[in-house]
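The values are calculated or read from the model by the stated rules, or taken from the named source; none is laboratory data. What you are looking at is a predicted structure, and each value in this text was computed from that prediction instead of being measured. With ideal geometry, Cβ positions are generated from the backbone for all residues, glycine too; neighbour counts draw on all protein chains shown.
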Amino acid sequence: MFLAFALITLLGALGMLLQKNIIVAGLCMVASFFGVAGLFVLLANPVAAALQIIVYTGAILVLVLFVIMMLNSHEEEPAETSRPIQRWVSVILSLALAVGAVKLVLASKGLQQLAEKGAAVPPAVTLQGVGAVLFADHLLGFEVAGLMLLAAMVGAVALTKRNL
Amino acid sequence: MDTLASLLHTSPALAWMVVKIVIVFSAVMLLASVWTWVERRGSAMIQDRIGPNRAALFGRIRIIGLAQLLADGIKFFFKEDLEPTDVNRGLFWLAPFLAFVPAMLGFAVIPFGRDFVSGGTIYHLSVLDPGNGMGMLYPMAIGGLAVYGVLVAAWSSNNKWSILGGMRASAAMVSYEIGMSLAVVSIFMTTGGYDPAEIISAQGSLPWHWNVVPQFLGFIVFFTCMFAETNRLPFDFAEGESEIVAGFNTEYGSMKFSLLALAEYAHLMTASALVVTLFFGGWQVPFVAHPSVGLSILSFVVKLLFFAWVFVWIRWTLPRFRYDQMMRLGWKAMLPMSMVNLVVHAWLMSHGR
């Protein structure tokens, strides 16, 4: 199961990078999101899986595809003149990100516990648990994020609808 | 079930799972295809016509025109599979499946009868057992995917009418999703759980305890949003025959069109199952505290078919909204209404204790 979902995720991501057609690339990204949702289910976190699909696949990517379809025609855009420096900077940045992620995982408490106690299926995360954590432990972050999103929304409306 | 499992060399759990999947999906498929006929007969009844009553098995057995289903199916299969020259081939073929699969999948968490005990094990009458952790988040997640079918079909057809229909439909679906989610959240709140089995058992067998009575506002919002989600007539901006030819399925023919049409009806079935589960007590039988399994299934099916009929009824009663009217209704009426519903119930809960 893990291999199947990991393959879906990786192939989706690869397809997104290699596809020239921007809509097909977006759909590959959907497949990749599905793989990640499957991995969340395997990690006994069905809530995160459902939220992943609702938020990313059902809302964000639909809006992205919507805008792309509204703006562009069917032609695949010709590549601009390539700038080698961009490529190298991007390779270095993604390598740094990958090293950081691996380091974080290796240093995490969960991995230490796994080494000490062995693998045990943890109790599945429930929506009630997520809500309690959000409103008890991370209340400030939650409220700040809400305020930021509201400000962004008001800003977007103010910028586009000047003569409302 | 145990003997069947031992005959097939599998565990009872696996055999039960397969049986459930076959029963649920074939029932939804069958109902969806029957509903194409119900829609035509129903529209005929409402408009004082007769409707399709001619098709007959072997030229003789008419059964009030029900053979029309078979005739339609056969016709669609044998039609030429046209594919316009400028379509994006892969996506053009993928789109009907993208529309059909989510419409079917949404039904998986709905309990269609009470659970029963046989041979010491509990059997649940829903494809995904309760306590799976996804609960009602699952149909909402899957429902959000229904946009892709319309969007991909519209874009890959390479046709201006199609893309107009797809754009309008996807904008409508995304905007109505917020009001719908808030209506569902207030049900989660009053129930104290988000599993459909919990929601149903919390409602009990007395009709005035069902969620529709205390949360009537939520019901109105949810039901309206279901029309937008399924692209049914007061909001059918994906098709809009009188404005944009046939919208997202203009370029589709033969079995591909049939799949797109069936997806709409499967979606309708899932939507009415959601309405029944959330607001009308699911499989609960009115005034019977502990119904038998058969009675509970019957009760669920009767409610399901009633709401599926309401979808047809409203389609042939109301004219289509204008696009800006629908957007105004969604953002300026439905969203505030479901917010009021949420806040009022939160206030009542905090003062009730």
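A few notes on this one:
Residues are listed down the side, and each one gets a yes or a no for (1) more than 14 Å from every other protein chain (Cβ to nearest Cβ); (2) over 19 Å from B:Thr230 (Cβ atoms):
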position: B:Pro96; (1), (2): yes, no
position: B:Ala108; (1), (2): no, no
position: B:Val117; (1), (2): yes, yes
position: B:Ile122; (1), (2): yes, yes
position: B:Asp129; (1), (2): no, yes
position: B:Met134; (1), (2): no, yes
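- Output for the range B:149-183, where each listed residue is crowded, with 24+ Cβ neighbours inside 10 Å, within 11 Å of another protein chain (Cβ to nearest Cβ), part of a helix (DSSP H, G or I) and among the hydroxyl-bearing types (Ser, Thr, Tyr): B:Ser156, B:Ser162, B:Ser170
- Pairs meeting the criteria (first residue in the range A:12-40 and within 12 Å of chain B (Cβ to nearest Cβ) and more than 18 Å from B:Leu145 (Cβ to Cβ), second residue modelled with pLDDT of 85 or more and not in a helix (DSSP H, G or I), beta carbons under 6 Å, at least 6 apart or on different chains) are lacking.
- The residues of the range A:58-97 include none that are within 17 Å of A:Asn21 (Cβ to Cβ), away from chain B (no Cβ under 14 Å) and modelled with pLDDT of 80 or more.
- Condition broken by B:Leu145, with the remaining ones in (1) in contact with a Ser or Thr (Cβ under 7 Å, 6 or more places away or on another chain); (2) within 12 Å of another protein chain (Cβ to nearest Cβ); (3) more than 17 Å from B:Met269 (Cβ to Cβ) satisfied: (3)
- Residue identified as within 20 Å of the chain's Cα centre (by Cα) and among the small types (Gly, Ala, Ser) among B:Ala273, B:Ala333: B:Ala273
- Those residues of the range B:129-142 which are polar (S, T, N, Q) and in contact with a Ser or Thr (Cβ under 8 Å, 6 or more places away or on another chain), in sequence order: none
- Checking each residue in the range B:186-208 for being in a helix (DSSP H, G or I), hydrophobic (A, V, I, L, M, F, W, C) and either surrounded by fewer than 18 Cβ atoms within 10 Å (Cβ to Cβ) or out of contact with any helix residue (DSSP H, G or I) (no Cβ under 6 Å at 6 or more places or on another chain) (or both) picks out B:Phe188, B:Met189, B:Ala197, B:Ile200, B:Ala202, B:Trp208.
- Of all the numbered requirements in (1) free of Cβ contacts under 8 Å to residues at least 12 places away in the same chain; (2) exposed (fewer than 15 other Cβ atoms within 10 Å of the Cβ); (3) outside any helix (DSSP H, G or I), B:Pro84 misses one, and that requirement is (1).
- Hits in the range B:209-225 (condition: outside any loop (DSSP other than H, G, I, E, B) and at pLDDT 85 or above): B:Phe216, B:Leu217, B:Gly218, B:Phe219, B:Ile220, B:Val221, B:Phe222, B:Phe223, B:Thr224, B:Cys225
- Single residue of B:Leu304, B:Leu348 found to be assigned to a helix (DSSP H, G or I) and at pLDDT below 90: B:Leu348
- Only one of the numbered conditions (1) of a type outside the set (Val, Ile, Thr); (2) without any contact (Cβ under 8 Å) to a residue 24 or more places away in the chain; (3) crowded, with 23+ Cβ neighbours inside 10 Å is violated by B:Leu278, and that is (2).
- Residues that are touching a residue at least 60 places away in the same chain (Cβ under 8 Å) and surrounded by fewer than 16 Cβ atoms within 10 Å (Cβ to Cβ) within the range B:51-77 comprise B:Gly73, B:Phe77, listed in sequence order.
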